[in-house]
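Read the structure below first, then the notes.
The values are calculated or read from the model by the stated rules, or taken from the named source; none is laboratory data. No experiment lies behind these values; they were computed from the predicted model shown. Here the Cβ positions follow ideal geometry from the backbone for every residue, glycine too, while neighbour counts run over all protein chains shown.
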Amino acid sequence: SSIRKAEFIKSSTQIDDCPPDKLPEFALIGRSNVGKSSLINTLTRNDKLAKISKEPGMTKFINHYLINDCWYLVDLPGYGFAKAGKSSKEEWLTFTKDFFIKRENLVSVLLLIDSSVPPQEVDKDCANWLAECKVPFCIVFTKIDNRKKEMPANAQNIRAFKQLMSEEWEELPRCFETSSRTGAGRSELLGYVASLREL
Ligand code: GDP
């Protein structure tokens, strides 16, 4: 489950512009600032990869990264429903659902959740949204190294989020705890990808 090669393929503004081949895809989503670019760089051990395609303001890009010439890591537009208006939330919902429907080779979504902040309603909404769309997904808690003084510890935030989910869910999705600073959780997450690719 190691990454020998990672290359940026393209940024697409429309789902129809995504690479036409049928390689397995693993798509990352999360609130902006959750640590998505950092995680891509950490997973691929390439400090510059996610920056290549990063243009502030262009939130609608779908970025495809080809890994080991045989699967894609896909960076989907981030969300932040709290600040965004209703129409942009609707737009995001339509856009991602369309992606889930059209990309038949989508194997799993990796939902990133910032462990340095207490549970956010929007993250729970997103988990419910994925379940509604019947998309297989796992939860990736990010920044487990990050302990701001006044905030509850990360472990407590993670526990609180899981608690919140289990109030509505019978079974929780697979959860990973990661840090792009320390590399924690990297091999576990790559192991998850590898196990699903072999199915
Ligand atoms: P994105 O907007 O989701 O792509 O998030 P970025 O990867 O750009 O990261 C947002 C901010 O969080 C940056 O200031 C990063 O340095 C910080 N960050 C990302 N990952 C980690 C992590 O694992 N630990 C800590 N402490 N900070 C992180």
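For residues that are over 13 Å from I62 (Cα atoms) and away from the ligand (no atom under 16 Å from the Cβ), scanning just segment 15-33, find the one that is modelled with the lowest pLDDT. Here the residue is D21.
The numbered conditions (1) more than 15 Å from the chain's Cα centre (by Cα); (2) among the small types (G, A, S); (3) within 16 Å of the ligand (Cβ to nearest atom) are all true for S195 except (3). Is it the case that S37 is within 16 Å of the ligand (Cβ to nearest atom) and either within 24 Å of S180 (Cβ to Cβ) or within 18 Å of the chain's Cα centre (by Cα) (or both)? Yes, satisfied. Please count how many residues of segment 162-185 are within 16 Å of the ligand (Cβ to nearest atom) and in contact with a Leu (Cβ under 7 Å, 6 or more places away or on another chain). Result for segment 162-185: 3.
Conditions tested, residue by residue: (1) at pLDDT below 95; (2) farther than 20 Å from G35 by Cα; (3) exposed (fewer than 13 other Cβ atoms within 10 Å of the Cβ); (4) touching a Phe, Trp or Tyr at 6+ places or on another chain (Cβ under 6 Å).
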site: P119; (1), (2), (3), (4): no, no, no, yes
site: D125; (1), (2), (3), (4): yes, no, no, no
site: F137; (1), (2), (3), (4): no, no, no, no
site: E150; (1), (2), (3), (4): yes, yes, yes, no
site: A155; (1), (2), (3), (4): yes, no, no, no
site: W169; (1), (2), (3), (4): yes, yes, no, no
site: R174; (1), (2), (3), (4): no, no, no, no
site: T178; (1), (2), (3), (4): no, no, no, no
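For segment 167-180, the criterion of being touching a residue at least 40 places away in the same chain (Cβ under 8 Å) and at positive phi is met by none of the residues.
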